Structures are given as C-alpha cells and as structure tokens.
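The values are calculated or read from the model by the stated rules, or taken from the named source; none is laboratory data. Keep in mind it's a predicted model, so treat the numbers as computed, not measured. Positions of Cβ are generated from backbone atoms using ideal geometry, with glycine treated the same way; all protein chains shown enter the neighbour counts.
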C-alpha cells in the first residue's frame with residue numbers, strides 16, 4: 001500500500017518537475033530596427049522580441065538616453081528635437097538591445113515673400129518678409145541675396161536698400177535649395193523737388209511726431225471716424241493697443257496708412273471705399289519708401305497681428 005502511495009505521488013510530481021525544467025531565462029533581445037532616422041514631430045514603432053520563445057519574464061523596459069530629443073513608450077518613439085539619442089529595450093534579467101535614433105529638423109518645402117514686385121527710391125529702405133511651409137520649419141538658415149548689389153543691397157533680415165536707379169531681383173534661399181524672389185525697381189531720388197516735410201532727426205520709440213508730406217494728420221483729425229488709428233502717421237502705436245485687434249482690423253489699419261499716402265488699391269471694394277473719402281488722393285507713383293519712419297514702424301508692428 002505504501003508503494004502504491006509513493007508511485008501515485010511521483011506521477012503527480014513529475015509534470016511539475018518537467019515544467020520547471022523547461023522554464024528558461026531570456027537569452028537575447030532583438031529589435032526590428034537598430035538604426036532609425038526621424039523628422040521632428042514624427043514617430044515610429046520599434047518591435048522587440050526575446051529568445052528563447054519559452055523564456056520566462058518576457059517583459060521589456062524601454063528607455064531613452066535623451067528625452068529632450070526622443071521619448072519612447074512601449075516601443076513607440078517620438079521625435080522632439082534635432083539631435084541623436086539611443087533607445088534601449090531591456091529584459092528583466094538585464095539582457096538588452098539598443099537602437100540609434102537620429103532626429104532631423106523639418107525641411108522647408110516652399111518660401112513665399114511678402115511682395116513679388118515692389119519699388120523703392122535710391123537711398124531708401126523697404127523690408128521683405130518670408131513665410132515658409134511647413135510653418136514650423138526652422139528659418140535660421142534663410143539667406144537673402146541681391147542679383148545686382150550696384151542697384152540694391154539686402155541684409156540678413158530682408159531689408160532692401162536702393163542704391164541707384166534700375167531693376168534687381170532680391171532672392172530668399174533655404175539650405176535645402178528652396179527659394180523665392182521679388183523684383184525690386186529702384187527709382188531715382190528726386191530730392192530737389194519742394195520738400196515741406198520735416199522729420200524729427202531721432203524719432204524715439206514713443207511719442208514721436210512727424211509732419212508728413214501731405215496734410216494727412218489734420219485730415220485724419222477731422223475724419224477720426226474713418227480710421228482705426230487716426231494718428232498712426234504721426235505716433236508710434238504700442239503692442240498693448242493693437243494686441244486685441246482681429247486680423248481684419250490689423251489689415252484695415254495698414255490699409256489706412258497706405259491710403260493716406262495715396263496708394264492705389266487693386267481690390268475693387270477697397271478702391272471704391274477709399275475713393276469715397278474726401279481726404280484720399282490716389283498717387284500712381286506711390287512707393288513704400290514714401291512712408292515716413294513712424295508709418296513704416298506701425299506697418300511692421302501691425303503686420304505681426306494680421
């Protein structure tokens with residue numbers, strides 16, 4: 001009877017003993033990718049597998065060498081900033097495998113300039129601005145060049161200075177070869193004509209007044225209701241007073257500055273609107289260089305909010 005009991009116990013124990021014999025630790029970890037290149041904002045999945053297949057404790061812990069460059073969760077890698085990082089998958093017994101991740105900045109797909117054609121008087125400045133697609137692509141590498149610096153020169157911020165009468169192309173280029181250009185006509189500076197404009201020599205950031213070539217300030221004073229900022233030709237606007245403007249209001253304020261100087265609008269509705277104002281005097285020879293320093297400052301400031 002005792003022998004039968006021992007045999008019965010052995011029969012029950014053997015399966016458990018056999019199972020325990022076949023339980024193994026993780027011998028190696030492998031990844032679906034060991035080299036990965038991403039663009040900022042993109043993500044990718046790395047799959048991890050362990051050997052042997054019947055290993056115990058197959059759980060994997062994912063880590064990154066630099067969470068400022070990439071993050072990782074359950075094998076999903078997200079690119080945060082340009083640079084290099086190492087993503088590692090580690091089993092519970094310490095076996096691990098790594099993937100080298102390279103993150104590149106977004107590349108510029110296209111460039112658009114604020115103007116395609118513009119004019120400036122010799123000795124005067126205008127500014128061109130560049131917009132890129134995608135909008136979050138870095139613009140540090142944009143370069144501005146002039147096709148003929150004897151006619152006009154341009155600096156790294158897009159400010160174009162007329163040198164002498166003629167036509168020139170101002171080109172904005174990206175590091176990856178995308179570019180856009182603006183045709184700039186430089187007009188002669190007829191400074192011998194009657195000049196009843198006297199500008200303050202050093203306009204300060206606030207409270208500066210300028211008497212314009214046209215009696216615009218008095219006209220604006222008489223027609224305050226026609227303007228968002230009736231005195232924007234003689235006073236520098238502040239960030240606080242324009243920060244609550246809508247895009248449309250900011251553009252309207254810019255249009256009013258141009259209208260004071262006789263800009264001939266191409267849009268039929270704008271042309272009809274300003275032509276109905278007694279103070280508006282169209283000037284076919286208008287140039288952005290006709291704007292006084294305060295008006296140029298206000299246009300640049302308002303452009304940030306349109």
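Which ones in region 26-48 are over 14 Å from residue 97 (Cβ atoms), in contact with a strand residue (DSSP E or B) (Cβ under 6 Å, 6 or more places away or on another chain) and assigned to a loop (DSSP other than H, G, I, E, B)?
40, 42
Counting residues that are farther than 30 Å from residue 299 by Cβ, which strands (runs of 3 or more DSSP E) fully inside region 49-135 reach at least 1?
Hits in region 49-135: 60-64, 70-73, 76-79, 83-91, 96-104.
Assess whether residue 61 counts as being more than 27 Å from the chain's Cα centre (by Cα), exposed (fewer than 15 other Cβ atoms within 10 Å of the Cβ) and farther than 25 Å from residue 175 by Cβ. If you could, list the steps in order and put the result at the bottom.
Working: more than 27 Å from the chain's Cα centre (by Cα): yes; exposed (fewer than 15 other Cβ atoms within 10 Å of the Cβ): yes; farther than 25 Å from residue 175 by Cβ: yes.
Against the criterion (more than 27 Å from the chain's Cα centre (by Cα), exposed (fewer than 15 other Cβ atoms within 10 Å of the Cβ) and farther than 25 Å from residue 175 by Cβ), residue 61 qualifies.
Let's see how each residue does on (1) at pLDDT 85 or above; (2) at negative phi; (3) not assigned by TED's automatic domain parsing to the domain that holds residue 137:
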{"site": "6", "(1), (2), (3)": "no, yes, yes"}
{"site": "15", "(1), (2), (3)": "no, yes, yes"}
{"site": "30", "(1), (2), (3)": "yes, yes, yes"}
{"site": "37", "(1), (2), (3)": "yes, yes, yes"}
{"site": "47", "(1), (2), (3)": "yes, yes, yes"}
{"site": "50", "(1), (2), (3)": "yes, yes, yes"}
{"site": "54", "(1), (2), (3)": "yes, yes, yes"}
{"site": "74", "(1), (2), (3)": "yes, no, yes"}
{"site": "77", "(1), (2), (3)": "yes, yes, yes"}
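For region 97-127, taking the residues that are within 30 Å of residue 63 (Cβ to Cβ) and loosely packed, with under 15 Cβ neighbours inside 10 Å, the one that is modelled with the lowest pLDDT is identified as 104. Determine if region 110-129 includes at least one residue that is more than 23 Å from the chain's Cα centre (by Cα) and within 30 Å of residue 25 (Cα to Cα). Within region 110-129 (the criterion being more than 23 Å from the chain's Cα centre (by Cα) and within 30 Å of residue 25 (Cα to Cα)), the answer is no, since none of the residues qualifies. Among residues of region 261-297 being touching a residue at least 60 places away in the same chain (Cβ under 8 Å) and in contact with a helix residue (DSSP H, G or I) (Cβ under 6 Å, 6 or more places away or on another chain), the one that is surrounded by the fewest Cβ atoms within 10 Å (Cβ to Cβ) is 279.
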